[in-house]
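Worksheet for the structure shown next.
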Amino acid sequence: MTDRFIESCEQEQLHLSGHIQAFGALLMVDHESCVRHVSANFSALAITEQTPKVGERVCAPIDALLRNYQSTSCTSIFGFSGVNEAFSVWVTPQPTGTLLEFAKAAEGSVVTITEPEFPAFRDEDERNFYRHQLLEWVAHVTGHQRVMYYQFLEEGDGQVVDEYVASDVQGSYLDLHFPASDIPKVARRIYEKTPWRQIADATSEAVPIKGESHLDLTLSCLRSVSPYHLQYMSNMGVESSVSFSIVSQNNLTALLSCQSMTPRTLSLELLNYISSIVDTFSLRERGWESQARFAFLDTLNLGSAALKSLLGQPQLNDGLWSEIINVLMQQFEADGVVICTDEMLYSHGISFESDILQLVDGWFVEQEESIFATDSLLRLTDEPLLSQVAGFCAFKVRLGQVNHLRVYCCRQEFIHHVSWGGNPNKPKETAGAGVPTSPRSSFARWVEKRLGHSRPWSSLVALRLHHYRKLFEESRFIRSL
């Protein structure tokens, strides 16, 4: 993916688009019940007999809705009787007032929908089984033809780890990777703050918002769609989509993404209901992951007994350092280990060349974090590096005021293949006015022969690094260094 395209995506101010999607209408009211912003389609949807005007007080029905909302302090859904039909209102508190977003109400009650049940997961296979059940259920209740579980990877890219595809849809994205630029950081930050995102009709014109200033649409459910993303959807043959955020510790870890090849609008009630079911699954998944971490810590305590014994020696000689390195190589499945301070260095196996070690060591000492892991040494610098080490993980222990003991577990290059949804390095150039570069036009499987990477580190490597760092920190010999 070109730097030009990535930069243009990241700089886009999605929350200040000044437009909404056409499946609803928007009204922003200040704390004195005066209209500050209103979408241009408010009158056409016949929500109220009196059309709201910027600078004027809201009409009586809207005022009554606001009084009902004042009893709550979070985003809520209310029913509202329009001129000719019923509406649902997504009401969101804002620093300067209240944001009201109107969409046609559901024709039936979501209470009648049979929801899936998720018991506590006992193992990974059971988690995968219920995750696929969730995708099938979401496809059934939404009518979308493709539902994917899109997992974010540590380096920022994403991978479709599970997928439901209707029988009338061709192709599969299962196991394919997608570059980080497909969902830029600016979009991920919004996903972290909102439970779901619906694009009802990618072919419809966006509706402008009237008002004297830019309205922050970060929490809006009607926010218009980026032209880059509209092109992206067009290239995929998708006209409607819904994504449900899966957040852990305030970080976006995955998206449950639904796609339809035709326009499709889901009611606010249904979207909120599905979001609650997704949250239930996510809660079960986090519980299983916590249990897996506790079990891993138990194995760490058992597996580190030999190292703890070695570190319990009052003084270490060359032979003991060699034994310590052998234990670390085994526990981290490393091809080599480097242990150093400013005055000494021990290493064995595949390790950094002296100039590379100087570069890596100088960088790591300056970092605030005491642990680090990467499967690609090349990510640390824009300069070309020639080293037998492709990836490493590391921890450091403070010795006095300025010195540290540094431990590097190294892995050599592991040439392997990664399947992508289209070639991520070749976006299609366009001549469209205002859109200098568009996303790649093909999402067919493209296989990369990945060079310059080691075998990936386990998702639990941080726990292992912290554990062994603590063993070194609490050892008797550390005081003598």
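The values are calculated or read from the model by the stated rules, or taken from the named source; none is laboratory data. This structure is a prediction, so every number in the text was calculated from the model and none was measured. Cβ coordinates were reconstructed from backbone atoms using ideal geometry, including for glycine residues, and neighbour counts include every protein chain displayed.
Screening LEU135 on (1) in the same structural domain as SER220 (by TED's automatic domain parsing); (2) hydrophobic (A, V, I, L, M, F, W, C); (3) part of a loop (DSSP other than H, G, I, E, B) shows it passes everything except condition (3). Residues considered: ASP175, ASP201. Of these, the only one that is modelled with pLDDT of 95 or more, of a type in the set (Asp, Glu) and assigned to a loop (DSSP other than H, G, I, E, B) is ASP201. When the test is whether a residue is touching an Asp or Glu at 6+ places or on another chain (Cβ under 8 Å) and buried (at least 20 other Cβ atoms within 10 Å of the Cβ), GLN198 does not pass it. Would you say SER275 is in the same structural domain as HIS177 (by TED's automatic domain parsing), buried (at least 20 other Cβ atoms within 10 Å of the Cβ) and under 20 Å from MET148 (Cα atoms)? No; evaluated as a whole, the condition is false for this residue. Scanning the range 256-269 for residues that are surrounded by fewer than 20 Cβ atoms within 10 Å (Cβ to Cβ) and touching a residue at least 24 places away in the same chain (Cβ under 8 Å) yields MET261, PRO263, THR265, SER267, GLU269. Cβ-Cβ contacts under 8 Å between residues 6 or more apart (or on different chains), taken from a first residue in the range 39-60 that is touching a residue at least 12 places away in the same chain (Cβ under 8 Å) to a second residue that is basic (Lys, Arg) and outside any loop (DSSP other than H, G, I, E, B), are listed as SER39/LYS210; ALA40/LYS210; VAL54/ARG36; VAL54/LYS210. When the range 288-327 is examined, which residues are found to be part of a helix (DSSP H, G or I) and of a type in the set (Gly, Ala, Ser)? Residues satisfying the conditions are SER290, ALA292, ALA295, GLY303, ALA305, ALA306, SER309, GLY319, SER322. Quick one: which of LEU230, LEU256, LEU300 is of a type in the set (A, V, I, L, M, F, W, C) and modelled with pLDDT of 95 or more? Answer to the selection: LEU256. None of ALA120, ALA106, ALA44 is over 27 Å from SER276 (Cβ atoms) and either part of a loop (DSSP other than H, G, I, E, B) or among the basic types (Lys, Arg) (or both) except ALA44. Among all residues of the range 410-426, there is at least one that is surrounded by 13 or more Cβ atoms within 10 Å (Cβ to Cβ), at pLDDT below 95 and at positive phi. Taken over the range 138-164, the criterion of being more than 17 Å from LEU283 (Cβ to Cβ), in contact with a helix residue (DSSP H, G or I) (Cβ under 9 Å, 6 or more places away or on another chain) and part of a strand (DSSP E or B) is satisfied by ARG146, VAL147, MET148, PHE152, GLY158, VAL161, ASP162, GLU163, TYR164. If you go through the range 76-86 and keep only what is in contact (Cβ under 8 Å) with a residue 24 or more places away in the chain and outside any loop (DSSP other than H, G, I, E, B), you end up with ILE77, GLY79, PHE80. Can you confirm whether LEU378 is in a helix (DSSP H, G or I), in contact (Cβ under 8 Å) with a residue 24 or more places away in the chain and either in the same structural domain as CYS393 (by TED's automatic domain parsing) or under 23 Å from SER459 (Cα atoms) (or both)? Yes: the conditions hold for LEU378. Applying the condition of being in contact with a helix residue (DSSP H, G or I) (Cβ under 7 Å, 6 or more places away or on another chain) and of a type in the set (D, E, K, R) to the range 388-409 and asking which residue is surrounded by the fewest Cβ atoms within 10 Å (Cβ to Cβ) yields ARG406.
A single entry from SER213, SER245 fulfils the requirement of being at pLDDT below 95 and of a type in the set (Gly, Ala, Ser): SER213. For the range 61-75, a residue qualifies if it is touching a residue at least 12 places away in the same chain (Cβ under 8 Å) and either hydrophobic (A, V, I, L, M, F, W, C) or in contact with a helix residue (DSSP H, G or I) (Cβ under 9 Å, 6 or more places away or on another chain) (or both), and the qualifying residues are ILE62, LEU65, LEU66, CYS74. Summed over the range 304-319, residues that are surrounded by fewer than 10 Cβ atoms within 10 Å (Cβ to Cβ) and under 22 Å from SER347 (Cβ atoms) total 4.
Check PHE296 against each of (1) touching a strand residue (DSSP E or B) at 6+ places or on another chain (Cβ under 9 Å); (2) among the aromatic types (Phe, Trp, Tyr); (3) under 28 Å from ALA120 (Cα atoms) and name the one condition it does not meet. So PHE296 meets the others, but not (1).
Filtered by the rule that a residue be of a type in the set (S, T, N, Q) and surrounded by fewer than 16 Cβ atoms within 10 Å (Cβ to Cβ), the range 344-387 gives SER354, GLN358, GLN367, THR381. Does GLU368 satisfy the condition of being assigned to a loop (DSSP other than H, G, I, E, B), over 21 Å from LEU463 (Cβ atoms) and either touching a residue at least 12 places away in the same chain (Cβ under 8 Å) or not basic (Lys, Arg) (or both)? It is false that GLU368 is assigned to a loop (DSSP other than H, G, I, E, B), over 21 Å from LEU463 (Cβ atoms) and either touching a residue at least 12 places away in the same chain (Cβ under 8 Å) or not basic (Lys, Arg) (or both).
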